[in-house]
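The values are calculated or read from the model by the stated rules, or taken from the named source; none is laboratory data. Quantities reported herein were computed from a predicted structural model and do not represent experimental measurements. Here Cβ is always computed from backbone atoms with ideal geometry, including for glycine, and neighbour counts include all displayed protein chains. Surface accessibility is based on the protein's heavy atoms, side chains included, excluding ligands, DNA and RNA. Shrake-Rupley method; radii C 1.70, N 1.55, O 1.52, S 1.80 Å.
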Amino acid sequence: MWRVLQAVLAAFFGVQSERKRREDFQQSSPWPFILTGVLMTLVFVVAVGFLAHWASS
Amino acid sequence: MSSTLPPHSDKQQALSDSAAGGAAASAADHHQSAPSGPLRWLLTTNHKEIGSLYLLFSLLMFFIGGVLALVVRAELFQPGLMFVQPEFFNQMTTMHGLIMVFGAIMPAFVGLANWMLPLQIGAPDMALPRLNNFSFWLLPVAFTLLLSTLFMEGGGPNFGWTFYAPLSTTYAPPSTSFFILAMHLAGISSILGAINIIATILNLRTPGMRLMDMPLFVWTWLITAFLLIAVMPVLAGVVTMMLLDINFGTSFFDAAGGGDPVLFQHLFWFFGHPEVYIMILPAFGIISAIVPTFARKRLFGYASMVYATASIALLSFVVWAHHMFTVGLPLVAELFFMYTTMLIAVPTGVKVFNWMATLFRGSISFELPMLFALAFIVQFTIGGLSGVMLAISPADFQYHDTYFVVAHFHYVLVPGAVFAILAAAYYWLPKWTGVYPSEKLGQAHFWLSVIGVNLTFFPMHFSGLAGMPRRIPDYALQFADFNLLSSIGGFLFGTSQLLFLAVVILCMRKKGKKAPANPWEGAEGLEWQLPSPAPLHTFDTPPEFIPERDSPSRS
Amino acid sequence: MSTSHYYVPASSKWPILAVVFLGFLALGAGWQLTEGKGLLLLLIGVLGVAWVMFGWFADVVRESLAGLYDAQMDRSFRQGMAWFIFSEVMFFAAFFGTLFYIRVFALPWLDGEGAKGVTALLWPDFTASWPLMSTPDPSVASIEGQVNPWTLPLINTLLLVTSSITLTFSHHALKAQKAAAASRWMLLTLILGGVFLVIQGVEYVHAWTELGLTLQAGIYGATFFLLTGFHGLHVSIGLLVLVVLWLRQLRGHFTPEQHFGFEAGAWYWHFVDVVWVGLFLFVYVF
Amino acid sequence: MPACLPKVWRLLPAGFLLIALPVAGSQVNTSSGWNMPPGVTGISQNIFSLHMIIFWICVVIALVVFGVIFWSLFAYRKSKGAKAAHFHENTLVEVIWTALPLIILVAMAVPATATLKQLYDTSEADMDILVTGHQWRWHYQYMEEDLSFFSNLATPRSQIEGQEDKGDFYLLEVDQPLVVPTGQKIRFLFTSNDVIHSWWVPDLGIKKDTLPGFINESWTRIEEEGTYRGQCAELCGRNHAFMPIEVKAVSPEAYQSWVEERKAAAASEAANVDRERSLDELMQRGEEVYTTYCAACHQEDGGGMPPAFPALKGNALVQEESGRQQHLETVLHGRSGTPMPAYSDTLSLADIAAVITYERNAWGNNSGDRVQPAEIRELLDSDD
């Protein structure tokens, strides 16, 4: 789970070493990555929303 | 049409097995004999023929849209109403935008996808070839319908390519219903085309090619296709609501009945912003193919390119209201969209830096595709940077709806997307036609285009900052010099595209230096294993694929 | 290296005919809307498109039965259908988005609430409510009453949910090689779907004539008919698909292993069903 | 570029852009004609400094990126025998060039947020002005005073069509500017009568869309007296280019006396409604009103632009007695389903009477008809 999160975060940031990326892409199923990605996107959007809310008050 | 079905002869199999590239040799009798004459083009399901149709259609639309732009530039040559009346001027700007976006740039990329995706992933054709034919032929119908509105009573669409309600509903010319139906047809075409592209990429890759082995053009198109499927239906939805407001008395965009004109803008830009990336992501893929070829060096940061493309695509769904900063959004929304928009600069910057690093310590030569690709990088970066400026919401209160915005999005779309399409054409013309494009004409085309395009659009930054609103047929005197330059540049750029037409015609008539299978020294990828010109049917069987990272020439 | 051949379908006359008839359809619709003279052309377009779809699918069925399609083609069809449904999801998302935007933002603003509440200066007598019984400009429309979600709409919800279940039973029966049971369950699904449409029609007439709830009745009427209308259109299309599937079932087109046509239709029906649940909640109940 | 020229010439675009950018940069601070005006309010100046900061950041980034690119193109030419290196990733460099822009952006977001909050703070205003966009003119209503008027383009058609030299404020001049006091916090309420317009005065740093049926807010406090000009910034139909804005900021005392003057003028006009007017007087005023309000669609010569805008010249409705009543009704209440708006709320009784008289007598319509303000009043009263 942690490595999936790590991989998704690295993808969000856009930088990942070749070695780690290869390891990630050795995984049997892409679904954990896709689901985590979607989830993290939602988390990100909500976080920016809170930030905007906080900044506007 | 006979319903004879393709035979699978042993002879073909033997041939195909002999060599991946040689697969083409077997193709001649692979399919039923195609009908000759015009019927052939109407019925074709061949990805190369459909690709050519898309590309030629988009070239035609590029010239039609260009002529409309020149009408606009002629009117703006000097202050005062010179040639056309304001309502005609508004039709020109509107049609120019609609045709260039939906008729020229998008079909050009779809055409490139049709031609190149199957070649790059070792597929025999698109996944759903008949649907492919359908997708293409919808476009001529849609655009004939759209263009015909110009000749209808009350004229064609005159409310800008963003067609904000209620100017496009309650106050629109009667032809608007036809405009809406034309958009529906074009939308169906895009959605089905995108479905086809996704199915092709996910399904028809040659064994051994994993997702992270795909050329970036394939990657960017995969993501673009996803965007298309996600947002074109929203456009269809919003134009349907317009149709109802106009013809059936609903009040979606009318406050008197409880609606809101701003709702239109939210829906439109929820489509419109991803649409902008639909027009630029495939360009990133093209540049990422060309730069390594002529730098003779592997693309720097392949994985981060993929991630950046995906990030841009995801972010594109949550930034739409930055087109609406002055529409009176609540403060929280204003801040939210400002922050998300600013973030887009990060993955976009990564792409530019990656190209920069690819060039660094390469072995660089300056063939025609490379010239266009390099010009793309520089000019697109200018457009990207003005985009960062526009993201700063308070500053956008001054930039919004001025020529600064016009300069920004034209820098992204013309010296950006169009240059990438031209680069792609010069890069793959040898593969399509078997001959190199004329170096002389191509060089002239390149330099005149670069000068013309910058002369047209660079002064627009200044006229915009100085206060010139967009979509006006006449302007105050202080904007005269900038507009004069822009108009001269516009005509220079417009006419120099005739050189490109000449290049294409010469190539199509096989006039020019014959090209070998791999016409560019540093090019890699499955498409270059095929003979030039690529035979009508290629990859009868899946070709052998060696991932780039294992290839000896560019370690 | 794989030595298997790719399968590429032959070219066909159907796509170009589809384009021609869609063109007629658009031209006829536009002409009808602007000058009221396009009905014939529109009709030709609609019938033509129907004919083309029938012919096109018939060809595909024939090719499929002839065993021409390989696993790859099958995957392409599946993905094509899945992404098509995704595009439909987004189409409905636009309409649901409209509903939420109007209810959460636009109406409160018009009534003087929230960030743009100053707008109420323009509509001093307006009170926001949902369903919107009286529009900001009262001359646009006022509605007599609202649709009670716990009568016909509830029945319709039960009907559609049940039809999804019966369709699944049909699928299971198909996979268990119980052809007769499969087509019986399918027939039941068809009946449920048909009754749904009839009830929807009854409700429309009631709303239109007795409640004053029309397309022109301000934003409530507009969103109500937009969402339920487009959903109804999808139910009708889905029903048509299911009828074809039922006939194919009777002819024994499907095998327990290969029945993508059936599955595609079933996906579509489930999708239509899920959309309805959303509609029931947000258009009728809340 | 012919191949005979030195290869280095192929780097011409580099030269062009490298020169163009700094030139642009050096000009922008000095000449207002090239750059956003700093403006005359706190907000506009804050926006200007945000603009300049982000501009210079962009210029620096561009110079670095383009510098590396063009240097690479020059130094690693194949023609010079460059051999390609073999690297294709470097985590550290990638982290840096991802993180650095992120930091710059956060640094930009902080002042941008502050300015935005300032921009949205419309509380505690000294006065309110309701700005209503019309196709194609602005209407200003002083909420605390009983005072409102339309503001129309003042540039004559002859300048636009090139029969006459264009004046200094071509397309930026109006018949009645918005007059406001300096030093006071003025809250603007924006709305529209028809389509979306956008009220933009660069020197005030205000651009806000006017939406039909909704109200947007903004505010300003002008410190310097002067005339500040702007334009409609949202496409609103054929005369979008011809609805400028002119704001005249004067001292609070001068503002007060202007308000009194306006009110007195309005009162005397109201008192004068019953005065019988001569054909000449009506025709003269009617022509002015026609030019301002009607000529955009029905044209100066009454020829119109059929089918959207019918000709008035030779039109039975406008010429013959039988059409008189309908002519009056059309001008007062507009015609639904067409672009013809209602003028009963827009124009004064005297203006309506004058313009109808003008239409019934100009361009050879010569009906000899006179319409008096009192008749219009009667008609309006009977409608209610």
- Dividing the Cα convex hull volume of chain D by residue count, how many Å³ per residue is that? 226
- Message: With viscosity set to 0.692 mPa s at 37 °C, what whole-number translational diffusion coefficient in µm²/s follows for chain B from Stokes-Einstein and a Kirkwood radius over Cα pairs?
- Response: 135
- Principal-axis tilt of helix B:480-508 within chain B, Cα atoms, nearest 10 degrees: 20
- Query: Using a Förster distance of 41 Å, how high is the FRET efficiency between C:Glu35 and D:Thr291, based on the Cβ-Cβ distance and rounded to 0.05?
  - Reply: 0.70
- Task: Return the Rg/Rh value of the stretch D:41-132, two decimal places, where both radii are evaluated on C-alpha atoms and Rh is the Kirkwood radius.
- Result: 1.26
- Treating only the Cβ atoms of Lys and Arg (+1) and Asp and Glu (-1) as charged, compute the dipole magnitude of the protein assembly as shown about its Cα centre; round to the nearest 20 debye. 6820
- Message: Using Stokes-Einstein with the Kirkwood hydrodynamic radius over Cα pairs, what translational diffusion coefficient do you get for the protein assembly as shown at 10 °C and a viscosity of 1.306 mPa s, in µm²/s rounded to a whole number?
- Response: 48
- Message: Could you tell me the calculated FRET efficiency between D:Glu124 and D:Val59, based on Cβ-Cβ distance and R0 = 41 angstrom, to the nearest 0.05?
- Response: 0.55
- Leaving out ligands, DNA and RNA, calculate the buried accessible area for the pair D and B with a 1.4 Å probe, summed over both sides, in Å² to the nearest 100. 8800
- Message: If R₀ is 60 angstrom, what is the calculated FRET efficiency for the pair A:Glu23 and D:Ala75, using the beta carbon separation as r and rounding to 0.05?
- Response: 0.95
- Item | Highest-MSF residue in chain D out of D:Leu73, D:Leu171, D:Leu347 [GNM, Cα springs under 10 Å] | D:Leu73
- With springs connecting C-alpha atoms under 10 Å apart, model chain D as a Gaussian network and identify which of D:Val201, D:Val40, D:Val59 has the largest mean-square fluctuation. D:Val59
- Item | Total formal charge among the other residues, if their Cβ is under 14 angstrom from that of D:Met305, Lys/Arg +1 and Asp/Glu -1 | -2
- Report the label-to-label distance for D:Val110 and C:Phe286 in nanometres (one decimal), using points 7 Å from each Cα along the Cα→Cβ vector. 4.0
- Query: At D:Ala264 and C:Ile85, where each label point lies 7 Å from the Cα along Cα→Cβ, what is the point-to-point distance in nanometres?
  - Reply: 7.9
- Item | For chain B: relative contact order, % (alpha-carbon pairs under 8 angstrom, 6 or more apart) | 20
- Task: Let me know the Kirkwood hydrodynamic radius for chain A, please, with Cα pairs as the basis and the value in Å to one decimal.
- Result: 12.6
- Enumerate the lysines that C:Lys116 could reach by cross-link, defined here as Cα to Cα under 16 Å, with residues fewer than 8 away along the same chain left out. D:Lys117, D:Lys208
- Query: Total Å² of accessible surface buried at the C-B contact, 1.4 Å probe, nearest 100?
  - Reply: 6300
- Item | Whole-angstrom gap from the stretch B:78-123 to the stretch D:314-383, using each part's C-alpha centre | 46
- Query: Which chymotrypsin sites (Phe, Trp or Tyr not before Pro) does the stretch C:141-232 hold that lie in a coil by DSSP with at most 11 other beta carbons within 10 Å?
  - Reply: C:Trp150
- Calculate how steeply helix B:176-203 sits against the longest principal axis of the alpha-carbon atoms of chain B, using the helix alpha-carbon long axis, and give the answer as 0 to 90 degrees to the nearest 10. 30
- The answer for D:Thr210, listing residues at least 5 apart or on another chain whose modeled amide H is closer than 5 Å to its amide H, is D:His197, D:Ser198, D:Trp199
- Note on the structure: Residue-ordered couplings for the stretch D:140-148, obtained by feeding phi - 60° into the Karplus form 6.51 cos²θ - 1.76 cosθ + 1.60 and rounding to whole Hz (Gly and Pro as x), are 10, 10, 7, 5, 8, 10, 8, 8, 7
- Message: Taking the alpha-carbon distance from C:Lys13 and a cut-off under 13 Å, which aspartates and glutamates remain once sequence neighbours fewer than 8 residues away in the same chain are dropped?
- Response: C:Asp59
- Query: Using the alpha-carbon atoms, what tilt in degrees (0 to 90, nearest 10) does helix B:261-278 show relative to the longest principal axis of chain B?
  - Reply: 30
- Against the 2.2 N^0.38 Å rule of thumb, the C-alpha Rg of the stretch D:25-181 sits at a ratio of 1.72
- Item | Per-residue average of Cβ from other chains inside 10 Å of B:341-352 | 5
- Query: Taking the Cα centre of the stretch D:127-270 as the origin and placing charges on Cβ (Lys, Arg +1; Asp, Glu -1), which of D:Thr191, D:Pro252, D:Gly230 is farthest toward the positive end of the dipole?
  - Reply: D:Thr191
- Message: Let me confirm one metric for peptide D:37-45, namely the mean number of other chain beta-carbon atoms within 10 Å of its residues' beta-carbons.
- Response: 1
- Selected from B:Gly80, B:Ala127, B:Ala182, residue furthest toward positive end of dipole (chain B; charges at beta carbon): B:Ala127
- Of the listed links A:Lys20/B:Lys48; B:Lys514/D:Lys80; B:Lys48/B:Lys440; B:Lys48/B:Lys511; B:Lys351/D:Lys78; B:Lys351/D:Lys83, those spanning more than 30 angstrom between alpha carbons are A:Lys20/B:Lys48
- Item | Under 14 Å, Cβ to Cβ, from D:Leu282 - net charge with Lys/Arg +1 and Asp/Glu -1 | -4
- What is the ratio of the Cα radius of gyration of the stretch D:127-270 to 2.2 N^0.38 Å, where N is its residue count, to two decimals? 1.04
- Output the relative contact order of the stretch C:3-126, whole-number percent, from Cα pairs under 8 angstrom with separation of 6+ residues. 15
- Query: What percent of all Cα-Cα pairs in the stretch D:273-383 falls in each 5 Å bin, counting up from 0?
  - Reply: 2, 13, 24, 28, 21, 8, 2, 0
- Message: With a 10 Å cut-off between alpha carbons and a GNM built on chain D, which of D:Gly81, D:Gly162, D:Gly323 moves the most?
- Response: D:Gly81
- Note on the structure: In chain D, helical segments from DSSP H whose Cα atoms cover 30 Å or more along their own axis and that average at least 0.0 on the Kyte-Doolittle scale are D:42-75, D:91-120
- Query: Can you tell me the accessible area per residue over chain B, all protein chains present, probe 1.4 angstrom, in square angstrom?
  - Reply: 25
- Message: Cβ neighbours within 10 Å, averaged per peptide: list B:315-326, C:10-21 in order, most packed at the top.
- Response: B:315-326, C:10-21
- What net charge do the residues around D:Gln159 carry, taking every other residue with its C-beta under 9 Å from that of D:Gln159, with Lys and Arg at +1 and Asp and Glu at -1? -1
- Task: Pairs of Cα atoms under 8 Å, at least six residues apart: use those to get the relative contact order of chain C, whole percent.
- Result: 16
- Query: Of all the accessible heavy-atom surface of the protein assembly as shown, with the other protein chains kept in place and a 1.4 Å probe, what percent is carbon and sulfur?
  - Reply: 65
- With DNA, RNA and ligands ignored, accessible area of B:Trp432 (1.4 Å probe; Å², nearest 10): 40
- To the nearest whole number, what is the average tally of beta carbon atoms from other chains within 10 Å of the beta carbons of peptide D:62-71? 4
